[in-house]
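Enquirer: Next up is a structure, given as C-alpha cells.
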Amino acid sequence: MSSDKFLVHLAPKDGYNPVFERGQYNMKLTSFAVLKIAGGGTYAGSTGETEVALVLLGGRCAMKGDGFEFPEVGGRLNPFDGAPHTVYLPRRTSYEIAATTDVEIAVNIAPASRDTAKPTLITPEMTRSFELGRDNFTRRATVMLDEKFDSEHFYIGEGMIPSGNWSGYPPHRHDVDNPPEEIDMEETYFYLFNPPQGFGIQKIYTPDGRIDETYTVKNYDTVAIAEGYHPLCGAPGYDMYYLWTMCGQNNRGLISSMDPAHKWVVGK
C-alpha cells in the first residue's frame, strides 16, 4: 500500500486490508478498510466503541453475532452487477462473517458515543437510486444509509459514472454546518473500474488555494476528503464506480454548496 497527500493506493490481499485510520489525512470521524475472504473462509471482529457499515462489493456470505443472524448477504459479482447489500453494526457488537463465495467488503468505521440502530441488513430493495446531472456530467447514485437511519455519523452511497462522464459537478463541498445551504461532512471515495485497468481523475481544492490536488485514480484507490471541492471524471471506455462514505458530527444529509465560479453550468 502506498499513499499521496490524500490518495491511498491498495493492492488488497486475503484478510483485513486497512486503508486509513481516523486521524490520518485530516479525517476526524472515519476509518476505512477492505476485507477479502476466500470462499469457505471466515472473519471475526468486534465493533468496540465504533459503529461499522459493511458494504458487500462482491460475493455472498453469512453474518451473525450478538443477537442477530443474516444467513444470506450479498449476491452481486461486483459493483457493476447490481445494487449492494450493506450490514450496519452498532458499537459493542461482536460478529462473524462466513464467506459462501469469495467476497470483498468495504469496511466503514466511525466513533460511537451512544447506542444506535440494532444490527441491520440493508438489502437492495431498501436502497434508493436516482440520476444526477445532465449532458456529460450525469451519474447514478444509490443510497444505502441516509439521515433517516439511526447512525451517529454515516451517510453512505454508491456512484456509477458512465464512460467519460464527470461526477460531483459542478464542483461541490460540504465543509461548514450552515443548513439548509451546507452541512459539514468529511467524505471517503473508494474506486473500482470496469474493465479493471480503467482510470479517472479526482480533484480536491479549497477557495483559498491551501489545497489544490489533482490525482489519477485507479482500481482500489481511495481518496480521503476532509474538506474542499471535489469533482471527478472517468476515462472514456470505462465504467467508473465509487463508494462514497460521508461522516458528519452534528448533521447528515446530501446538502452541499457549489463553487460559485462554476455554478452557472447548472442553468446553462
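Readers should treat all values here as calculations from the given coordinates under stated rules, not as data from a laboratory. As the structure is a computational prediction, the values presented were derived from the model and not from experiment. Counting neighbours? That spans all protein chains shown, and the Cβs are built from the backbone with ideal geometry, glycine included.
Enquirer: Excluding residues fewer than 8 places away in the same chain, name every one of the aspartates and glutamates whose C-alpha is closer than 16 Å to that of Lys218.
Expert: Excluding near neighbours in sequence, the set is Asp4, Asp239.
Enquirer: A follow-up question, please. Using the Cα gyration tensor of region 139-192, with a ≥ b ≥ c the square roots of its eigenvalues, what is the shape: rounded (a/c below 1.5), prolate (a/b larger than b/c) or oblate (neither)?
Expert: oblate
Enquirer: Okay, moving on. Taking the chain as a Gaussian network, where each spring joins two C-alpha atoms under 10 Å apart, which residue of Pro236, Pro84, Pro111 fluctuates the most?
Expert: Evaluated over the chain, the most mobile residue of the options is Pro236.
Enquirer: Quickly work out the Ser129-to-Arg92 label distance, labels modelled 7 Å from Cα along the C-beta direction, and quote it in nm with one decimal.
Expert: Rounded to a tenth, the inter-label distance reads 3.9 nm.
Enquirer: Relative contact order, percent, of the chain when contacts are C-alpha pairs under 8 Å separated by at least 6 residues?
Expert: Relative contact order of the chain: 19 percent.
Enquirer: While we're here: Provide the FRET efficiency to the nearest 0.05 for the Ala117-Asp4 pair, computing r from the beta carbons and using R0 = 45 Å.
Expert: The value I calculate is 0.80.
Enquirer: Continuing with the same structure: Based on the Cβ-Cβ distance of Lys13 and Leu77, what FRET efficiency does E = 1/(1 + (r/R0)^6) give at R0 = 22 Å, to the nearest 0.05?
Expert: 0.65
Enquirer: For region 1-126, calculate the relative contact order in percent as a whole number, restricting contacts to Cα pairs under 8 Å that are 6 or more residues apart.
Expert: 30
Enquirer: Mind sorting Met258, Met126 by how few other Cβ atoms lie within 10 Å of their own Cβ, fewest first?
Expert: Met126, Met258
Enquirer: Could you tell me whether region 22-115 comes out rounded, prolate or oblate from its Cα gyration tensor? Rule is a ≥ b ≥ c as square roots of the eigenvalues, rounded for a/c under 1.5, then prolate if a/b exceeds b/c, otherwise oblate.
Expert: Oblate shape, in that a/c is at least 1.5 and b/c is the bigger or equal ratio.
Enquirer: To make sure I understand, if each residue's beta carbon is the centre and we count other beta carbons within 10 Å, what order do Thr245, Thr214, Thr42 fall in, fewest to most?
Expert: Final ranking by Cβ density, sparse to dense: Thr214, Thr42, Thr245.
Enquirer: So which lysines can Lys64 reach, going by Cα to Cα under 28 Å and dropping same-chain residues fewer than 8 places off?
Expert: Output for Lys64: Lys13, Lys36, Lys118, Lys148.
Enquirer: If the reach is capped at under 19 angstrom between alpha carbons, list the lysines near Lys263, excluding any in the same chain fewer than eight residues apart.
Expert: Candidates past the 8-residue exclusion: Lys203.
Enquirer: Report the extension gain between Leu254 and Thr101 in nm, rounded to one decimal, defined as 0.36 nm multiplied by the number of residues separating them, less their alpha carbon distance.
Expert: Contour length minus the Cα-Cα distance gives 51.7 nm.
Enquirer: Say R0 is 25 Å: what FRET efficiency, to the nearest 0.05, do Glu21 and Thr216 get from their beta-carbon distance?
Expert: Efficiency, from the Cβ-Cβ distance: 0.55.
Enquirer: Can you tell which of Gln197, Gln249, Gln24 shows the greatest fluctuation in a Gaussian network model of the chain with Cα springs below 10 Å?
Expert: Gln197
Enquirer: Something else about it: Can you tell me the relative contact order of region 116-268? Whole percent, Cα pairs under 8 Å, sequence separation 6 or more.
Expert: For region 116-268, the relative contact order is 30 percent.
Enquirer: Whose amide H sits under 5 Å from the amide H of Phe70, counting only residues 5 or more places off or on another chain, with H placed in the peptide plane?
Expert: For Phe70, whose amide H was placed from the backbone, the distant partners under 5 Å are Met63, Lys64.
Enquirer: Next question, about the same structure. Which shape class applies to region 33-178: rounded if a/c is under 1.5, otherwise prolate when a/b exceeds b/c and oblate if not, where a ≥ b ≥ c are the square roots of the Cα gyration tensor eigenvalues?
Expert: oblate
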